[in-house]
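The values are calculated or read from the model by the stated rules, or taken from the named source; none is laboratory data. These numbers come from a predicted model, not from an experiment. Neighbour counts run over all protein chains shown; Cβ positions are idealised from the backbone, glycine included. The area values use the complete protein model at the heavy-atom level, side chains included, leaving out ligands, DNA and RNA. Shrake-Rupley method; radii C 1.70, N 1.55, O 1.52, S 1.80 Å.
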Amino acid sequence: MPRARAVVSLLKKEERAGFMGLGDYEDSYEQDLKKRITRIQNELESAEKDDESLRTLRHRKGFSLISLAGYTNAGKSTLFNAIVNESVEAKNMLFTTLVPMTRALDLGGRKALLTDTVGFIEDLPHWLVDAFKSTLDEIFLSDLILLVVDASEKPETILQKLSTSHDTLWDRIRGVPIITVLNKADLVNESELEAIMDHIGYMAPNPVFVSAKKGTGMAALKDEIIKHLPPWCFCSLSLPNSEKGMSILSWLYEEGIVHNVEFGEQIFLDYEARTEIISRAHALLEPQEAQRSE
Ligand SMILES: Nc1nc2c(ncn2[C@@H]2O[C@H](COP(=O)(O)OP(=O)(O)OP(=O)(O)O)[C@@H](O)[C@H]2O)c(=O)[nH]1
Ligand SMILES: [Mg+2]
């Protein structure tokens, strides 16, 4: 922000020196920029609140978190609506009311929270993209990122935007899969699509062409999403009926879906969770304490 201010005041100085009559223009430019900054600050504030609720809610009841990321105008919000329209909304209104830009969806039996995000601003240098790092926090919490690009732009532009996006995300997402959604395919013909892929292929993991506006390519996108959600497994487990067993049980309630519990000398349960959680539950038990069958 201070750097943006500095740029504006430099612009002002230059304009004063060179073009005496342009004061009105520069003021309205500055005002536009101020309005934009205020809007973004508001969006960032609400994103921070959302972030907190997502942090506590994610994975509870078995939801995976999917974020839409990408430059402004790529079509993220249009795609968000298209995916929501194509999917069954999970009957958990809690999320819908808590987090306005998030919807709870049922994707082929897997439950997911899909979140729209504030776009990276077009044509800004990388140091200013850095200023948006806090809005990216919700993206960093994700299990899967849909990186949306406007396929109707020049291949060099798409490549440049993908490259900046990957730079911005790379350090923090640590192995979170990315699906490259090449949106606005309705504006591009077959041979142009091929030319785009030739140009950007190496920078575009798991590419899918869609038109969010027309609703084409949505089935392929959904398949790709389901394919890349973190794996969940059903598992049966017996825990010692002790303080330690109870604390593991309550942790599993937090992290997965417990279908069935029987308390006796041991605690027997059937549950569903990410494979990573299942391994951690077993690691917490002594080998003779855990009996596992999947
Ligand atoms: N032709 C075409 N236009 C699209 C498509 N998807 C989105 N658009 C248009 O692209 C413009 C931007 O769409 P948005 O969904 O608002 O883009 P966004 O990525 O959410 O933008 P920010 O919220 O600013 O980050 C709108 O005018 C949309 O109607 C598409 O598949 N085809
Ligand atoms: Mg949007």
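Positive end of the dipole of region 232-284, charges at C-beta (+1 Lys, Arg; -1 Asp, Glu), about the Cα centre: which of Leu237, Phe263, Ile278 has its Cα farthest in that direction?
Going by the Cα projections, it comes out as Ile278.
So for Tyr202, Tyr253, Tyr271, what's the accessible-area order with a 1.4 Å probe, most first? Walk me through the numbers on the way to the answer.
Numbers: Tyr202 170, Tyr253 110, Tyr271 0 Å².
The most accessible residue leads, giving Tyr202, Tyr253, Tyr271.
Using label points projected 7 Å from each Cα along Cα→Cβ, tell me how many nm separate Arg36 and Ser279, to one decimal.
Placing both labels 7 Å beyond Cα along the Cβ direction yields 4.5 nm.
Fully extended, how many nm does the chain gain between Asn189 and Gln266 (0.36 nm per residue separation, minus their Cα-Cα distance)?
On the way: separation 77, 0.36 × 77 = 27.72 nm, distance 6.31 nm.
This chain segment gains 21.4 nm when fully extended.
Using 0.36 nm per residue, how much length does the chain from Lys213 to Asn73 gain when fully extended, once their Cα-Cα distance is taken away? Don't skip to the answer; put the middle values down first.
On the way: separation 140, 0.36 × 140 = 50.40 nm, distance 1.26 nm.
Residue separation times 0.36 nm, minus the Cα-Cα distance, leaves 49.1 nm.
With viscosity set to 1.567 mPa s at 4 °C, what whole-number translational diffusion coefficient in µm²/s follows for region 232-284 from Stokes-Einstein and a Kirkwood radius over Cα pairs? Don't jump to the answer; show the numbers that get you there.
Working: Rh = 10.7 Å.
In µm²/s, the coefficient is 121.
Quick check: residue separation of Tyr29 and Asn85 times 0.36 nm, minus the Cα distance between them. What number comes out in nm? Each step should come with its number before you reach the end.
Numbers: separation 56, 0.36 × 56 = 20.16 nm, distance 3.80 nm.
That works out to 16.4 nm of additional length.
Please list 272-285, 105-118 highest first by mean number of surrounding beta-carbon atoms within 10 Å per residue.
Numbers: 272-285: 16.6, 105-118: 19.6.
The packing order, highest mean first, is 105-118, 272-285.
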